Amino acid sequence: MVALVRPDMLWLPAYRAALAQGWSPDNLRPAAAGELLAASAADPADFLVGLDDPAPEGRTVTLPDGSRVPRLPSLSRWIIADGFVGQISLRWQPGGDALPPYVLGHIGYGVVPWARRRGHAGAALGLILPEARAQGLTRVELTTEPDNIGSIRVIEKNGGRLVERFTRGPQYGQTPALRFVIAL
Ligand SMILES: CC(C)(COP(=O)(O)OP(=O)(O)OC[C@H]1O[C@@H](n2cnc3c(N)ncnc32)[C@H](O)[C@@H]1OP(=O)(O)O)[C@@H](O)C(=O)NCCC(=O)NCCS
């Protein structure tokens, strides 16, 4: 049984324990784990608010090349199965399905290494799609590494279809990627 929970004080210690073991919810920027550990220790309440951020008002995010760009409205949910097993996040641009070129998809997710291959990511993606619909989206884009078989299966199991192979922008080292779309 998989559930998505809004990040809260109850699950914060388990989330921090996963970070301390080297897991990072940002698979393109593993160094984020240390930053997240520091931020969640410095001001836990503010940290939790930042994970549920539909109105970011001037806040920024850091891309893999270190550049900072405006943060889109977003929300993150912790994936709970047999304890904390990962995180899934949704971001969107108000008023439509389009995304700025520096945003690699509406949805990103990661499962801790010790709980993979048990269906958690597939279930979590299915559970967040109604939240995307509730934000007014009619389709969501997801991008993966071309060889990320697990992630590709997760997307396909949730109705995703491959729309293109493309090259990520310079902020991401111009690496190849696949773009999928799930119609809502
Ligand atoms: C990709 C990832 C999220 C998958 O999480 P998961 O909980 O293990 O995925 P699931 O158990 O829901 O797997 C869904 C399907 O993919 C398959 N799968 C998962 N990982 C796989 C792998 N490494 N190789 C082959 N198949 C894999 C599963 O067998 C399952 O297929 P099935 O339903 O036909 O049996 C996880 O490996 C991860 O966190 N990786 C690092 C971060 C990442 O890549 N995030 C995605 C960025 S786009």
When you scan the stretch 73-87, do you find a residue that is more than 21 Å from Pro13 (Cα to Cα) and either in contact (Cβ under 8 Å) with a residue 24 or more places away in the chain or more than 9 Å from the ligand (Cβ to nearest atom) (or both), even just one?
yes
Here the residues within the stretch 127-178 that are within 19 Å of the chain's Cα centre (by Cα), part of a loop (DSSP other than H, G, I, E, B) and more than 13 Å from the ligand (Cβ to nearest atom) are Gln135, Gly136, Leu137, Thr138, Gly159, Gly169
Just wondering, is there one or more residues in the stretch 56-72 that are at pLDDT 95 or above, buried (at least 16 other Cβ atoms within 10 Å of the Cβ) and either of a type in the set (D, E, K, R) or closer than 22 Å to Asn158 by Cα (or both)?
no
So which pairs qualify, if the first residue must be in the stretch 20-39 and free of Cβ contacts under 8 Å to residues at least 24 places away in the same chain, the second must be hydrophobic (A, V, I, L, M, F, W, C) and in a loop (DSSP other than H, G, I, E, B), the Cβ gap must be under 8 Å, and the two must be at least 6 apart or on different chains?
Ala33/Trp23
From Gly159, Gly108, Gly150, Gly136, residue being modelled with pLDDT of 95 or more and buried (at least 16 other Cβ atoms within 10 Å of the Cβ)
Gly108
Output the number of residues of the stretch 162-176 satisfying the condition of being touching a Phe, Trp or Tyr at 6+ places or on another chain (Cβ under 7 Å) and touching a residue at least 60 places away in the same chain (Cβ under 8 Å).
2
Quick check on this structure: which one of Gly34, Gly22 is at pLDDT below 95, part of a helix (DSSP H, G or I) and more than 21 Å from Leu90 (Cβ to Cβ)?
Gly34
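The values are calculated or read from the model by the stated rules, or taken from the named source; none is laboratory data. Everything numeric in this text was worked out from a predicted model, so none of it was measured. Glycine also receives a Cβ, built like all others from the backbone with ideal geometry; neighbour counts cover every protein chain displayed.
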